[in-house]
Amino acid sequence: MSIYAIGDLHGCHAEFVALLEKLSFDPKRDTLWLVGDLVNRGPDSLACLREVERLGSAVRCVLGNHDFHLLVAARGGGKLKRNDSLQAVLEAPDCERLLDWLQGQPLAVRDGNQLMTHAGLLPQWGLDQVEVLAREVQVALAGEHSGHFLSQLYGNHPDCWDNTLDGLERLRCVVNVLTRMRFIDAEGRLDFTANQGLDSAPVGFAPWFQFPRDDDPHLLFGHWAALAGDTPDARVRVDALDTGCAWGGELTALNLATGERTRVPSRASAGVAS
């Protein structure tokens with residue numbers, strides 16, 4: 001039995017299948033941890049969703065910002081952007097079933113000291129706390145007012161966590177941390193302007209993984225293709241899994257037991273991640 005954590009698919013279905021073949025993945029024996037952003041930017045988001053759903057209990061998946069974008073467009077009154085590649089999902093005969101499945105996914109997956117989220121973890125949050133906060137969002141997504149929640153999801157405020165936050169502001173802040181975070185300041189305030197490499201950090205901000213923690217978890221995340229899997233000067237044990245498949249990079253799988261990385265090259269032309 002092996003557990004593999006795989007970086008952002010972004011609709012790169014052919015590479016996903018090729019990676020599973022290279023791993024000799026057996027859904028009856030092995031498990032996949034998928035770090036989110038299953039959809040958008042790549043050529044076949046629909047096939048990715050169908051493939052992951054078909055694998056059933058062999059998959060543990062968290063939601064990424066592009067997955068939320070699809071849900072907002074489909075069920076929260078949002079609009080697609082010019083560079084989106086989600087129309088085939090919205091027009092598919094099994095669209096509602098796939099959206100139901102996606103909307104039921106969590107924002108955090110934990111096994112002991114290992115935690116997977118899409119974007120990372122605030123230094124101020126412990127593992128127990130992030131599980132509770134992620135569950136609050138999952139409950140909101142499953143509730144009868146989920147459409148209203150999705151319609152109010154977008155926004156950059158509040159940009160700093162406060163335990164006294166409540167209602168939609170609390171949920172929005174949790175989603176932003178777990179699906180959009182890259183650079184933060186010493187108070188944990190998020191910057192939403194910089195999305196490239198480490199040299200794009202605004203003054204007073206640094207990558208979230210360069211701040212110390214009081215505990216020693218193993219954190220798995222994606223979201224940041226510009227890192228290309230590298231986390232220099234990390235103050236916590238991290239594995240960055242987004243290696244830019246949709247932008248001409250690679251799709252990467254990490255064996256959680258051995259630390260071995262397996263990669264397949266992208267079939268896409270290089271571009272700009274977001």
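The values are calculated or read from the model by the stated rules, or taken from the named source; none is laboratory data. Everything numeric here is computed off the predicted structure, so don't read it as measured data. We place every Cβ from the backbone using ideal geometry, glycine too, and count neighbours over all the protein chains shown. Note: accessible area is taken over every heavy atom of the protein model, side chains too, but ligands, DNA and RNA are not part of it. Shrake-Rupley method; radii C 1.70, N 1.55, O 1.52, S 1.80 Å.
Calculate the FRET efficiency for Ala228 and Thr258 from the Cβ-Cβ distance with a Förster distance of 30 Å, rounded to the nearest 0.05.
Here the calculated transfer efficiency is 0.90.
Which stretch or stretches of region 24-52 have amide N atoms under 19 Å from the point lying 7 Å from Lys81's Cα along the Cα→Cβ direction?
36-46
What number, rounded to the nearest 500 deg cm²/dmol, is the helix-based mean residue ellipticity at 222 nm of the chain, given -39500 (n - 2.57) per DSSP H run of at least four residues and division by all its residues?
-9000 deg cm²/dmol
Would you compute the Debye intensity of region 20-147 from its alpha-carbon atoms alone, equal scatterers and no solvent, and pass along log10 I(q)/I(0) at q = 0.09, 0.11, 0.17 Å⁻¹ to two decimals?
One equal scatterer on each Cα of region 20-147 leads to -0.27, -0.41, -0.97.
So who's got an amide H within less than 5 Å of the one on Trp224, skipping anything under 5 residues away but keeping other chains? H placed 1.01 Å off N, in plane.
So Trp224 has HN proximity to Asp242.
Two decimals is fine: what is log10 I(q)/I(0) at q = 0.10, 0.11, 0.14, 0.15 Å⁻¹ for the chain, from a Debye sum with one equal scatterer on every Cα and no solvent?
Here log10 of I(q) over I(0) equals -0.46, -0.56, -0.96, -1.12.
Of all beta bridges DSSP finds with both residues in the chain, what is the antiparallel percent, to the nearest 5?
50
Evaluate Rg over Rh across region 93-188, taking Cα atoms for both radii and Kirkwood's formula for Rh.
0.97
Report the Cα centroid-to-centroid distance between region 1-47 and region 198-271 in angstrom, as an integer.
Cα centroid of region 1-47 versus Cα centroid of region 198-271: 17 Å apart.
Ranked highest first by the average count of other Cβ atoms within 10 Å around their residues, in what order do 112-122, 181-191, 60-70 fall?
Those peptides, ordered most packed to least, come out 60-70, 112-122, 181-191.
At what distance in nm do the modelled label points of Asp128 and Leu168 sit from each other, each positioned 7 Å from its Cα along Cα→Cβ?
Label at Asp128, label at Leu168, 3.3 nm between them.
Determine ³J(HN,Hα), in whole Hz, for all residues of region 171-182 in sequence, where each value follows from phi through the Karplus function 6.51 cos²θ - 1.76 cosθ + 1.60 and θ = phi - 60°; x replaces Gly and Pro.
5, 4, 5, 4, 4, 4, 5, 7, 10, 10, 4, 9
Once you put a point 7 Å from the Cα of Asp30 and another 7 Å from the Cα of Ala88, both along the Cβ direction, what distance in nm separates them?
Going by the 7 Å Cα→Cβ label model, 2.4 nm.
For His145 and Ser57, compute 0.36 nm times the residue count separating them, minus their Cα-Cα distance, and round to one decimal in nm.
28.9 nm
Taking amide hydrogens as modeled 1.01 Å from N in the peptide plane, which residues meet the under 5 Å criterion relative to Met181, leaving out close sequence neighbours?
For Met181, whose amide H was placed from the backbone, there are no distant partners under 5 Å.
Could you check which residue among Leu71, Leu38, Leu241 shows the biggest mean-square fluctuation in a GNM of the chain with a 10 Å Cα cutoff?
Leu71
Just Arg75, Arg97, Arg180 to compare: in a GNM of the chain, with alpha carbon springs under 10 Å, which one fluctuates most?
Looking only at Arg75, Arg97, Arg180, the biggest GNM fluctuation is shown by Arg97.
Taking the solvent-accessible surface of protein heavy atoms with a 1.4 Å probe, what is the per residue accessible area of the chain in Å²?
Counting only protein heavy atoms, the per-residue value for the chain is 43 Å².
Which far-off residues, 5 or more places away or on another chain, put their amide H under 5 Å from the one on Trp33, with H placed in the peptide plane?
Tyr4, Ala5, Ile6, Arg60
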